[in-house]
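The values are calculated or read from the model by the stated rules, or taken from the named source; none is laboratory data. Predicted model, so just to flag it, every value in this text is computed and none were measured. Glycine also receives a Cβ, built like all others from the backbone with ideal geometry; neighbour counts cover every protein chain displayed. With ligands, DNA and RNA removed, areas are computed over all heavy atoms of the protein, side chains included. Shrake-Rupley method; radii C 1.70, N 1.55, O 1.52, S 1.80 Å.
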Amino acid sequence: MNLKELNDEDIESIYNKHMIKDFPSEELKPLDVIQKLNKRKNYICLGLYNNKELMAYALLATSKSYLLIDYYAVCKEHREEGIGSEFLNMLKDYFINYDGIIVEVERVECGPDESEKLIRKRRIEFYKRNGMRMTDIYCKLFDIDYCIMCLCNVDLEDLAIYSGLKDIYQEIIPGSLYSKYVELSCI
């Protein structure tokens with residue numbers, strides 16, 4: 001399997017074939033916003049391919065030292081094959097020059113029901129199994145409560161991760177939306 005940086009045509013195809021099915025509509029940025037971020041170099045879009053078949057994809061927001069996984073999914077027909085773990089490890093190696101890869105995970109205790117809480121627990125366990133650590137950083141982003149996890153390439157304090165995440169949010173979220181919909185705290 002190999003990683004490929006996605007061009008506008010690839011992004012549009014993945015968006016229309018996969019992302020609109022893999023993510024709730026309220027969590028999905030419009031395609032033109034993703035493409036603008038990609039053109040501005042605030043975004044890196046990667047696909048994991050086996051020959052020419054897309055297996056998984058990741059769209060990551062960038063700063064000088066950190067990446068934030070904005071969208072990460074294994075294609076439906078390849079789930080439960082270990083590809084998610086393999087892909088995450090490949091991303092860590094691919095981005096070895098960054099201090100860390102950050103991910104927002106929905107807070108378990110804020111789940112609306114037991115079924116959703118179980119899904120959130122499983123997602124956190126997946127990331128832990130793959131080397132991510134839970135930080136003491138919390139975020140309320142567009143009215144959704146998140147915990148922050150990081151896959152670190154160097155030994156990092158939570159305050160450094162907090163600062164890197166804040167930089168990313170300020171780059172990708174317009175000022176008026178940032179002040180209204182982003183609450184970030186480090187305990």
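Could you check the stretch 145-176 and list, in sequence order, the residues that are open to solvent by 10 Å² or more (accessible area, probe 1.4 Å), among the β-branched types (Val, Ile, Thr) and within 16 Å of residue 124 (Cα to Cα)? None; the set is empty. Take residue 101 and tell me if it is in contact with a Leu (Cβ under 6 Å, 6 or more places away or on another chain) and in contact (Cβ under 8 Å) with a residue 40 or more places away in the chain. Answer is yes for this residue.
Entry remark, the stretch 75-94: residues being open to solvent by 10 Å² or more (accessible area, probe 1.4 Å), at negative phi and part of a loop (DSSP other than H, G, I, E, B) number 2 in total. Within the span defined as the stretch 72-81, every residue fails to be modelled with pLDDT of 95 or more and either closer than 13 Å to residue 11 by Cβ or of a type in the set (Asp, Glu) (or both). Of the residues making up the stretch 68-90, those that are among the aliphatic types (A, V, I, L, M), under 21 Å from residue 147 (Cα atoms) and in contact (Cβ under 8 Å) with a residue 40 or more places away in the chain are 68, 73, 88.
Taking each residue of the stretch 37-53 that is at pLDDT below 90 and aromatic (Phe, Trp, Tyr) and looking for partners that are surrounded by 11 or more Cβ atoms within 10 Å (Cβ to Cβ) and not in a strand (DSSP E or B) with beta-carbon atoms closer than 8 Å, six or more apart or interchain, yields nothing.
Annotation: of all residues in the stretch 112-144 being hydroxyl-bearing (Ser, Thr, Tyr) and surrounded by fewer than 19 Cβ atoms within 10 Å (Cβ to Cβ), the one that is farthest from residue 182 (Cα to Cα) is 115.
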